[in-house]
Amino acid sequence: MTKGRTSMGHPAASRGGDSPGLGGLLVRAAAEFPGHGLRYGLAEQSPRPALHTYPRLLDDALRLAGALRQAGARPGRTVALLLERPEDFLPAFWACLLGGFTACPLVPVRDDPQRWAAQLTHAGTLLEGPLVVTDRRTREELPAVDGLAVATLEDLAAVAAGTDPDTVAPATPGPDDVALLVLTSGSTGAAKAVRLTHGNLLASMAAKARAQSLTAADVTLNWISYDHVAALLEAHLLPLSVGAVQVHVSPEPVLADPLHFLRLIDAHRVTMTFTPNFLLGLINKAVDRLPAPLPVDLGCVRHIVSGGEANPVATGTGFLERLAPYDLRRGALWPAFGMTETCAGSIYNRDFPDADLEAEFAAVGRPVSGLRIRITAEDGTTPLAEGEVGEVQLAGPMITTGYHNNKEATQAAFTDDGWFRTGDLGRLADGRLTLVGRSKDSIIVNGVNYYSHDLESVLEELEGVERSFVAAFPTRPRGGDTEQLAVAFAVTDRVAGDEAALHRLIVAIRNSVVLHWGFRPALLLPLPKDAFPKTSLGKIPRALMRRRLEAGDFAGHVARVEEVVTRQLGGHVAPAGPVEEALAELYAELFETDPSAISATAGFFDLGGTSLDILRLRSLIARRFPGADLPVLAILTSPSVRGLAARIESAHDARPVPYDPVVPLQTSGEGTPLFCVHPGVGEVLVFVNLAKYFVHERPFYALRARGFNPGEEPFESFEEMARTYADAIRARQPHGPYAIAGYSFGAAVAFEVAKLLEADGERVDFLGSFNLPPHIKYRMDELDFVETAVNLAMFLELITPQQARTLPGELRPLGRPEQLGRLLALAPPDRLAELDLDLERFTAWARLADGLTGLGRSYRPGGSVARMSVFYAVPLRGTKQDWLDNELSRWADFTREAPRYLEVPGEHYTLMGPRHVAVFQSVLRAELDRALSGPPPAPGDERGAAERSAC
C-alpha cells in the first residue's frame, strides 16, 4: 500500500468519495475496503499471488490520468486501450474514468498486419482520432496507420512516477457522459462502437449486485480475456462496486486444462465466477477421464454465472452432478443473458436446474431490477401473449443509448417507442425468459460472436464455389455444449460430378475457415442451387437454412458428403491396439469428433490439421506417452494414427533416422508433384497450410535442410545442398517433367536444382521463385550471426518486425549465448510453449540458419534454365514496383524464355500466411496448370537446354 494511506481511507475520498460517475466506485472502494483488491497471476506460480489493493489501484490510476492529460488527452476524448494483461489494462481503464476520458478496449490482430491496419484505420475514423495506449512491444508491432496517435504505457508510467496522486483531481462526469465504447466483434474492420454511459454502468452494477447478493466478503474469479465485455463488467467492475476481492488469471492454462478452473476456485476460495457454457462441457469430459478424485473443495462457491451462449440443460445438470461430490451446491449454476448493449449480464436464471429439467435449453431467467422485457411480433411493435415466440426487446437504465457516430445503426437498433431490439427470438413464461433462436446473422462459438457475411465473402473467392450461393450459419447437435458452424455452398460446373475436385474444395473451405476464424466448421454441405432459398433482394435466409438442416431436410446430402470424404481418404480403417486407439482419441480431441470417426490410415492434414495443430498434437502425445519425445518431423512424415503409433512403439530404438530432405505434406493426386524448397531458416512448416489446397490434384513435397536431427551435419556447400535435393527429388520422381519452387532463400536453391535436372536431360516445366531475385549475395553479406538469429526469431514470431530492425545493434556487443537468451526472453511465453522451444533448441536452429546464410554468401548465379515463374509481394525494403523492376526482373538473365511475373498479396513474410494463403494458392495452382499443360519442347531442345545450363 502507498505510504501514508491508512485503513481510514484514501485522501481522494475527501475530494470525491461521493463523486459522480464510475470513478467514484473506485474512490469509495479504496476508502471503505483498503485491504481488498485484485490478485493477478496463476495459482501454480503462487498459491496466493500478491494483492494489488484498491488504494494502490486508485493511486496508479490517478497518476496515469495525470500522465494522459500531459500526453494530450482531454475530457471527452477517446483513449483506445490496446493492452492485453489485466495488470496493465485495469489501471489505464480507471485512469480514463478518473481523467474524464472515454475508454475503448482494442484487440491486436498480430497474425494479419493488413487487417490490423484496416481495423486501426476504421477505429481512428470512428473514434475521431483517439489516443492509443499500448505497451512498447505491441507498439513496435503496430502497422503504419496515418495520423494514429500512440503513447506507450511505459512512457506514461515514467511520467506518472513523478506525479503525486493527491494533486490529480478526479473528473466529475454527468450520468449521460460516455464512459466506455466497446467495439462489436467481427473481423471485417467495420465494427460499431457501443456507447455505455456512466449512468448505464452505475445502474447496471447496482442492479447486478442486488441480483447476485454480492458484498465485500466475496471473492470473484475471472479467466476471460478483455476482448469479452463480461471480463471487464461482470468480472471486474461488478466486484469492485461492492469492494470484493478479485482474482484475474490468463485464459491459456484454463483452456489447456479445464480442471484448472476448479483448482483456482478451491485455491482462492472463490464465491462467484463467470464462464461461457463451453467450458462446462469440457470440464464434464475431463472429470469423466479422471483416474482418481480431484483434491478440491467447491463448497465455497455461491454461484457460477454462465452466459455468452445457450446453456443446454444436459450440460449444466451433468456439471452439477459430476461436481456434487466436491460440495458444489445444486443451485450454484446460473444460466444468464447479456450483451454489450445491456452492460453484459442483465438477466439471470436463479431457478436452474429444477425449473428447466423438461427443456433442452435452460431459460435465461428473470431481469435485474429496472430492466423490462417484452416479446413482439415480426413488426417489432405488436406485443405477444405469454408463451408466444417473438422478438426479444429490452428497456431500462442499463441499456445503451446507441452506437457512436452511427445514426443508421442506432435507429435500426431501437423501436419507435424506444425499446432495444436484441436480435434474439424468445418467449416469456411466468416472467422467465427463454431464448429460442436469433434473428441476427451471427454464430456464437465458445461465447464469441462471428458474423456470417464476413466468412462468406472469403469463401466466395475460392475456385469452385458458386458466388452468392454460400451460407454460414450456426447449428447445435442435440446435447451439444456449444453452437457449431455449418457452411452450405453450391459448386461450379467444373466441380460438379468430380468427386476428387469436390473433396479438394471441401478441404480448401475447411482450411480457409480455420485460418480466418480459428476453428473448424462442424459441417460442410455442398447443395444444389435450388436448395438455397432467396429473398426478393437475393439474400439467403440463414435461419431457414438452419431449421431445414436440423429438421433433417439435408440428411441425404450430409450422408453423401461423409461417403465422399471417407472414400477419398481411402476408406475407414479401425485403429488396432492400445497405442493406435490412444492416438485416435488424441486426434478426436484435436478435431472435436468421436474417436470412432478417426481412420487409422487417414493423414493428419487430410483430417483437417494445420501447422499450429502439429505443435498441439506433439504436446498431447508427449503427455499421453511421456517417453516418446517425437520431433515435429515425425508428425510430418508419419501423419496417420498408424504411422505415428509405429514411431512411438519404436521410440526406444536409439538408431538415428537416415536423413531424407523430402517431407511429404500432401500425397494424393495424379498431377505432376510439386517440390518446394525451404526458406533460409531451413524448416518447412511454412508450406503446411499451402499444401492442403492441392489434395487430389498433385502431391506436394517440401525439402527440409540437413542438420535438424541428432547426428546430422549441415551442408558444407551450396553445390552439395543442390545436388542432395536433386537426387532426393529423382528418388521420388525418377523422370520429368518436374515442378519445383523455392520460397525466399529457397528460390536460389530451386534454380540450381532445376539446372542439375536439366543437365541430366530432364524437363523442368515449372520453376517458381517466391519473392526472391537471382542475386542474393548482397543480402547474405548483410546477415551476420546476429541478423540471422533475429530473422529466425521474427520468422518464428518470437519478436516483431519492428523489434527485428533495432535488436541487431543492441545484441552485437553481447556474447552469442547472451544474444540468443535475450531473444528468447523477449518472446511471448505461450509462443515458446507452442513451439516447444528452449535455449538449446533455439541455439541449434540459429546455428543451422547461420550455416545456410554462410552458403548463400558465396553463391553466384550462373547458367540458365528453360523458364521461370516469379511470384512477387511487398519486399523487405522499398516498394513492390522497385523490387520488380530492379531486382526480380534480373531473372531474365538466367532463363531462356522470358520469365513470367505474378503479383500476389501480402508481404515477404506473410504471402503464405493465414490472410493471404487462399489467394496465393489460387494464383500458384493456375500457373502450375498453365506451365504443366503446355506442349512439350521440340525434339532436341532439351539436349540443347542441358548444354546451355551447364555453361
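The values are calculated or read from the model by the stated rules, or taken from the named source; none is laboratory data. The structure displayed is predicted, hence computed values, not measured ones. Here the Cβ is made from the backbone with ideal geometry for all residues, glycine too, and neighbour counts use every protein chain on show.
Tabulated data
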quantity: Residue within segment 361-368 that is surrounded by fewer than 22 Cβ atoms within 10 Å (Cβ to Cβ) and more than 22 Å from Lys192 (Cβ to Cβ) present; calculated: yes
quantity: Of the criteria (1) within 21 Å of Ala267 (Cβ to Cβ); (2) crowded, with 16+ Cβ neighbours inside 10 Å; (3) not hydroxyl-bearing (Ser, Thr, Tyr), which one Asp297 fails; calculated: (2)
quantity: Residue match in segment 877-884 (condition: of a type in the set (Gly, Ala, Ser) and over 19 Å from Ala759 (Cα atoms)); calculated: yes
quantity: Residue ID - farthest from Ser250 (Cα to Cα), chosen from residues in segment 819-839 that are at pLDDT 80 or above and among the hydrophobic types (A, V, I, L, M, F, W, C); calculated: Leu820
quantity: Hits in segment 848-868 - residues which are of a type outside the set (Gly, Ala, Ser) and not in a helix (DSSP H, G or I); calculated: Tyr859, Arg860, Pro861, Val865, Arg867, Met868
quantity: Residues (aliphatic (A, V, I, L, M), outside any loop (DSSP other than H, G, I, E, B) and out of contact with any Ser or Thr (no Cβ under 8 Å at 6 or more places or on another chain)) located in segment 86-118; calculated: Leu90, Ala92, Ala95, Leu97, Leu98, Ala117, Ala118
quantity: When residues of segment 205-246 are limited to those that are surrounded by fewer than 21 Cβ atoms within 10 Å (Cβ to Cβ) and within 30 Å of the chain's Cα centre (by Cα), the one nearest to Pro258 (Cα to Cα); calculated: Ser225
quantity: Enumeration of residues in segment 369-388 that are surrounded by 15 or more Cβ atoms within 10 Å (Cβ to Cβ), more than 22 Å from Leu238 (Cα to Cα) and modelled with pLDDT of 90 or more; calculated: Ile373, Arg374, Ile375, Thr376, Leu384
quantity: Test: Pro170 is in a loop (DSSP other than H, G, I, E, B), buried (at least 21 other Cβ atoms within 10 Å of the Cβ), in contact with a helix residue (DSSP H, G or I) (Cβ under 9 Å, 6 or more places away or on another chain) and not aromatic (Phe, Trp, Tyr); calculated: yes
quantity: Total residues in segment 382-412, condition in a loop (DSSP other than H, G, I, E, B) and in contact with a strand residue (DSSP E or B) (Cβ under 9 Å, 6 or more places away or on another chain); calculated: 15
quantity: Pair list, Cβ < 7 Å and 6+ apart or interchain, from segment 915-931 residues that are assigned by TED's automatic domain parsing to the domain that holds Gly671 and farther than 19 Å from Gly742 by Cβ to residues that are charged (D, E, K, R) and crowded, with 19+ Cβ neighbours inside 10 Å; calculated: Arg915/Asp112
quantity: Among residues of segment 108-144, those that are in contact with a Phe, Trp or Tyr (Cβ under 9 Å, 6 or more places away or on another chain) and not acidic (Asp, Glu), counted; calculated: 6
quantity: Looking only at segment 726-769, and only at residues there that are of a type in the set (Lys, Arg) and in a helix (DSSP H, G or I), the one that is surrounded by the fewest Cβ atoms within 10 Å (Cβ to Cβ); calculated: Arg732
quantity: Residues within segment 869-911 that are on the phi > 0 side of the Ramachandran plot and modelled with pLDDT of 85 or more, tallied; calculated: 0
quantity: Candidates Gly281, Gly318 - the one that is touching a Ser or Thr at 6+ places or on another chain (Cβ under 8 Å) and part of a helix (DSSP H, G or I); calculated: Gly281
quantity: Cross-chain or 6+ apart pairs with Cβ under 8 Å, segment 883-910 first and not assigned by TED's automatic domain parsing to the domain that holds Leu515, then part of a helix (DSSP H, G or I) and charged (D, E, K, R); calculated: Arg896/Arg948; Arg900/Glu927; Leu902/Glu927; Glu903/Lys880
quantity: Some residue of segment 639-653 being under 22 Å from Ala597 (Cβ atoms), in the same structural domain as Ala750 (by TED's automatic domain parsing) and at pLDDT 80 or above; calculated: no
quantity: Yes/no for His678 being modelled with pLDDT under 85 and on the phi < 0 side of the Ramachandran plot; calculated: no
quantity: Any hit, segment 40-47, residues being modelled with pLDDT under 95, in a loop (DSSP other than H, G, I, E, B), within 20 Å of Pro170 (Cβ to Cβ) and touching a Pro at 6+ places or on another chain (Cβ under 6 Å); calculated: no
quantity: Helices (runs of 4 or more DSSP H) lying entirely in segment 215-259 (those with 1 or more residues that are among the hydroxyl-bearing types (Ser, Thr, Tyr)); calculated: 238-242
quantity: Breaking point among (1) of a type outside the set (Val, Ile, Thr); (2) under 22 Å from the mean Cα position of the chain (by Cα); (3) at pLDDT 85 or above, for Arg816; calculated: (2)
